[in-house]
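Visitor: Shown below is the structure under consideration.
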């Protein structure tokens, strides 16, 4: 892309630096401080499970969409690496559901109700997201079908017994209406 000048490498680097400088803290929310401390780890690990899988899916779809063999092969490798990250976080989260199911369910609900992918702070994110969606790379339907539902099935969310009414309610609304 740089050699063909399909992108401006200086502008790309400026955007990368801006994005990295802004950062992202998925555990921050409007809950009380004690809830943040109690659920911070669950929120973070559950969030990165979805984020890593979403990244894997979008990179894989980008490789297919670019219709270029070398780019597709490169993005397959990147996607495979993202998958390894996701599996680690997914399995840690699953252990959390076994150890502290109510806390984990609360965090799952919180994460899915408030999820934002890391790129949301990129300048012109909404416009770029529309282009990505129109290209079939990533959109709310792909997020639900290829990211959220497979993880919820793996965690057996809809089969789990829940002990608190609030956790039951969290499970029932775990599937996000939009992204």
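Visitor: Checking the condition over 25 Å from residue 22 (Cβ atoms), surrounded by fewer than 18 Cβ atoms within 10 Å (Cβ to Cβ) and either without any contact (Cβ under 8 Å) to a residue 12 or more places away in the chain or more than 14 Å from the chain's Cα centre (by Cα) (or both), which residue from 133, 100 passes?
Guide: Details: 133 fails: over 25 Å from residue 22 (Cβ atoms).
After ruling out the rest, the residue left standing is 100.
Visitor: Additional query: Residue under question is residue 143, and the condition is that it be crowded, with 18+ Cβ neighbours inside 10 Å, at pLDDT 90 or above and either over 14 Å from the mean Cα position of the chain (by Cα) or within 14 Å of residue 53 (Cα to Cα) (or both); does it hold?
Guide: Values: crowded, with 18+ Cβ neighbours inside 10 Å: yes; at pLDDT 90 or above: yes; either over 14 Å from the mean Cα position of the chain (by Cα) or within 14 Å of residue 53 (Cα to Cα) (or both): yes.
It is true that residue 143 is crowded, with 18+ Cβ neighbours inside 10 Å, at pLDDT 90 or above and either over 14 Å from the mean Cα position of the chain (by Cα) or within 14 Å of residue 53 (Cα to Cα) (or both).
Visitor: Can residue 51 be described as over 16 Å from the mean Cα position of the chain (by Cα) and assigned to a helix (DSSP H, G or I)? Break it down into steps so the answer makes sense when it comes.
Guide: On the way: over 16 Å from the mean Cα position of the chain (by Cα): no; assigned to a helix (DSSP H, G or I): yes.
The answer is no for residue 51.
Visitor: Yes or no: residue 38 modelled with pLDDT of 90 or more, closer than 30 Å to residue 161 by Cβ and surrounded by 16 or more Cβ atoms within 10 Å (Cβ to Cβ)?
Guide: Details: modelled with pLDDT of 90 or more: no; closer than 30 Å to residue 161 by Cβ: yes; surrounded by 16 or more Cβ atoms within 10 Å (Cβ to Cβ): yes.
No: the conditions fail for residue 38.
Visitor: Please enumerate the residues belonging to segment 103-130 that are without any contact (Cβ under 8 Å) to a residue 12 or more places away in the chain and either in a helix (DSSP H, G or I) or over 25 Å from residue 18 (Cβ atoms) (or both).
Guide: If the condition is that a residue be without any contact (Cβ under 8 Å) to a residue 12 or more places away in the chain and either in a helix (DSSP H, G or I) or over 25 Å from residue 18 (Cβ atoms) (or both), then 120, 125, 126, 127, 128, 129, 130 are the ones that fit.
Visitor: Kindly evaluate residue 132 against the criterion of being under 15 Å from residue 61 (Cα atoms) and touching a helix residue (DSSP H, G or I) at 6+ places or on another chain (Cβ under 8 Å).
Guide: On the way: under 15 Å from residue 61 (Cα atoms): yes; touching a helix residue (DSSP H, G or I) at 6+ places or on another chain (Cβ under 8 Å): yes.
Yes, satisfied.
The values are calculated or read from the model by the stated rules, or taken from the named source; none is laboratory data. Keep in mind it's a predicted model, so treat the numbers as computed, not measured. Every residue, glycine among them, receives a Cβ derived from its backbone with ideal geometry; neighbour counts consider all protein chains shown.
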